[in-house]
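Visitor: Handing you a structure now.
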Amino acid sequence: MVLPRQMRFLLIAGLAGSLINFRGPLIAALQARGLQVHVAAPDLPAGDPVRRQLEAAGVVVHGIPLRRTGTNPLADMQTLWSLWRLMRRVRPDCVLGYTIKPVIYGSLAAWLAGVPQRCALITGLGYAFQAQGSGGRLQALVQRLYALALSKVHTVFFQNPDDAALFRQRGIVAAGARTCVVNGSGVDVGAFTVAPLPLGPPCFLLIARLLGDKGVREYAQAARRIRAAHPGVRCLLVGWIDTNPDTIAQHELDAWVADGSLEFLGRLSDVRPAIAACSVYVLPSYREGTPRTVLEAMAMGRAVITTDAPGCRETVVEGDNGFLVPVQSVDALEHAMLRFVADPALAGRMGLRGRQIAEAKYDVHKVNAVMLRAMELD
């Protein structure tokens, strides 16, 4: 008697650590349904801590050559070739890629390899869609590659309705393509629990890769103004300088720390202590899929200031669990932050509502259930 083969699921990431931090619950949900989960990402040598953690959880790990940034066509063709070879060997029943290159080259490789179920997750639009001027050529190239790749998938997931509408408007996804909008990556409300607010003057926090389009410069400018008038207020920054063309320069970061505008905590493997230390979370991003850090802050009972921008605006009900400010407006950001200085009790009231919204809308198990149904894996 021949036993049926265990279904195989391949998840492709551009950053190895995101497989645990952002997709860990999804991997667990797939395993709970009896699937053998394979993951592919760059920078996963033997002995790597991320690799060890994934393998300890029963995940089959594959390292692939993938440069998360850059437009070298030979390197990208190597990525496509390596993914095709991997899929021909593993024979997955379903493939899901997320972030630009895993979506583009993972989807094309899956189509070429004849994978039965091909899915893509658009977690945000990134630098290529923000670029202006000469960067417009990069945007046009990325859009053409996206359109080609997404024409080969069965379901395209988006993390906010604005991105879904933009892709349809620009013809990146066809009018009849199957799409599904989910509430971001979700947050584990059991792991991110409510923490008491710190005593004393308000403490603000931003967690992000140190990129211009995350609003880091606007946050630093607003912090400088506020601390000049209210020196007891603290403004914390968690993150790291990235390889992205839009990255913050080291000398900029050094200047903000030197003049006392910001307290830089570096890159943290666990952001919960930093969130617990703040009273208000700030993300002045220009555009997101759905910002995971905002969801984590909401789950821990923190009020939120973010922008009235795609992906960000979905997380805040104005005046209820936080405030929305225009993109790139330092004045509006400063004004919103000062409201918490003037009324310290506001952070507690809004933080409580944020937790309730996180539980109702952004619980990671609810988000994953929607994705599993759409992939016909429930």
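Visitor: Which is farthest toward the positive dipole end of the chain among Gln139, Trp84, Cys119, measuring Cα position about the Cα centre, with Cβ charges +1 (Lys, Arg) and -1 (Asp, Glu)?
Guide: Trp84
Visitor: Give me the base-10 log of I(q)/I(0) for the chain at each q in 0.12, 0.13 Å⁻¹, Debye formula, one uniform scatterer per Cα, rounded to two decimals.
Guide: With one equal scatterer per Cα and no solvent, log10 I(q)/I(0) is -0.92, -1.07.
Visitor: For region 257-330, with all protein chains present and a 1.4 Å probe, just round the carbon and sulfur fraction of the accessible area to a whole percent.
Guide: On the way: 1200 of 2320 Å².
With neighbouring chains kept in place, the figure for region 257-330 is 52 percent.
Visitor: If packing is taken as the average number of other Cβ atoms within 10 Å across a peptide's residues, how do 273-280, 261-268, 78-85 rank, most packed first? If you can, show how the numbers build up before the last one.
Guide: On the way: 273-280: 20.8, 261-268: 15.2, 78-85: 18.6.
Going from most to least packed, we get 273-280, 78-85, 261-268.
Visitor: Across every pair of different alpha-carbon atoms, what Kirkwood hydrodynamic radius in Å does region 1-115 reach?
Guide: Working: mean 1/r = 0.0699 Å⁻¹.
Mean inverse Cα-Cα distance, inverted, gives 14.3 Å.
Visitor: Right, something else. Can you give the net charge of the other residues whose Cβ lies under 15 Å from the Cβ of Pro73, counting K and R as +1 and D and E as -1?
Guide: Details: positive: Arg67, Lys101, Arg137, Arg144; negative: Asp76.
Neighbour charge sum, excluding Pro73 itself: +3.
Visitor: Kindly express, to the nearest 10 degrees and within the range 0 to 90, the angle between helix 345-361's C-alpha long axis and the longest C-alpha principal axis of the chain.
Guide: Taking the Cα atoms of the chain, the angle to 345-361 is about 10 degrees.
Visitor: Can you compute the charge dipole magnitude of region 232-370 about its Cα centre, using +1 on each Lys and Arg Cβ and -1 on each Asp and Glu Cβ, nothing else charged? Give it in debye, rounded to the nearest 20.
Guide: Working: 13 positive and 18 negative charges, 118 e Å.
For this selection, approximately 560 debye.
Visitor: How much of the DSSP bridge set in region 237-369 is antiparallel, in percent, rounded to the nearest 5?
Guide: 0 percent
Visitor: Can you give the extra length, in nm with one decimal, that the chain gains between Asp254 and Gln139 once fully stretched, where that is 0.36 nm per residue apart less the Cα-Cα distance?
Guide: Details: separation 115, 0.36 × 115 = 41.40 nm, distance 3.13 nm.
Taking 0.36 nm per residue and subtracting the Cα distance, the gain is 38.3 nm.
Visitor: Report, in debye and to the nearest 20, how large the dipole of the chain comes out about its Cα centre when Lys and Arg carry +1 and Asp and Glu carry -1 on their Cβ.
Guide: The calculation lands at about 1180 debye.
Visitor: Continuing with this model, one more query. Hey, which aspartates and glutamates would be in cross-link range of Lys366, C-alpha to C-alpha under 17 Å, not counting anything within fewer than 8 residues on its own chain?
Guide: Asp188, Glu296, Glu314, Glu376, Asp378
Visitor: Express the accessible area of the chain per residue in Å², computed with a 1.4 Å probe while the remaining protein chains stay in the model. List each step's numbers first, then the result.
Guide: Working: 15890 Å² over 378 residues.
Dividing the accessible area of the chain by its residue count gives 42 Å².
The values are calculated or read from the model by the stated rules, or taken from the named source; none is laboratory data. Here the structure is a predicted model, which means the values were calculated and not measured. Cβ atoms come from the backbone with ideal geometry, glycine included; neighbour counts cover every protein chain shown. For accessibility, only protein heavy atoms count, side chains too; no ligands or nucleic acids. Shrake-Rupley method; radii C 1.70, N 1.55, O 1.52, S 1.80 Å.
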